[in-house]
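Read the structure below first, then the notes.
Each reported figure results from applying straightforward, stated rules to the coordinates on display, with no laboratory input. On a predicted model such as this, the values are computed, not experimentally measured, just so you know. Reconstructed Cβ throughout: ideal geometry from the backbone, glycine too, with neighbour counts over all protein chains shown.
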Amino acid sequence: MTLHLPPPLRLAFTSPWFRGLALLLLCGPYLQGGFNKAFDFAAAIAEMQHFGLAPAAPFAVATIVLELGASLLVLTGFYRWLGALGLAGFTLGATLVANRFWEMAGPERFMVANSFFEHGCLVGGFLLVAWLDLRRQDGR
């Protein structure tokens, strides 16, 4: 059975502004995180230290550049696939460092496991963005 979307809704959901909104929502946490780290670099360094990343300052700079730069690639469409793959890899790595639920017990384990798998959804979303962009470039 095929479900048909009413033409006004189909037009809205397939419009460029809708795609732009979806990409902005997907990149939003990275833009917010990158700007917060850039404007409070001491907090960015403290965050790197909290997760055992050393030297903390270069890790903080790399994180800021990646979060903001890759988000701009995704949002502008310039090498969108590359930005999306960068954010997917970053998210996967950060999730493995920050959400180690398998080392926890009790209620904390439950909450951190939820965060781990929610971040997996972000990875999937960025992989889909990369896949769609590469297919578009191939004319498919």
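Angle check, please: helix 80-98 long axis (alpha carbons) against the longest principal axis of the chain (alpha carbons), in degrees 0 to 90, nearest 10.
40 degrees
In what sequence, highest mean first, do 25-37, 43-55, 77-89 appear when ranked by Cβ atoms within 10 angstrom?
77-89, 25-37, 43-55
Please find, in a Gaussian network model of the chain (springs between Cα atoms separated by less than 10 Å), the residue of T76, T63, T14 whose mean-square fluctuation is greatest.
T14
Report, in debye and to the nearest 20, how large the dipole of the range 21-137 comes out about its Cα centre when Lys and Arg carry +1 and Asp and Glu carry -1 on their Cβ.
340 debye
Would you mind listing how long the chain runs along its three principal axes, going by Cα atoms, in whole Å with the largest first?
That works out to 51, 36, 26 Å along the principal axes.
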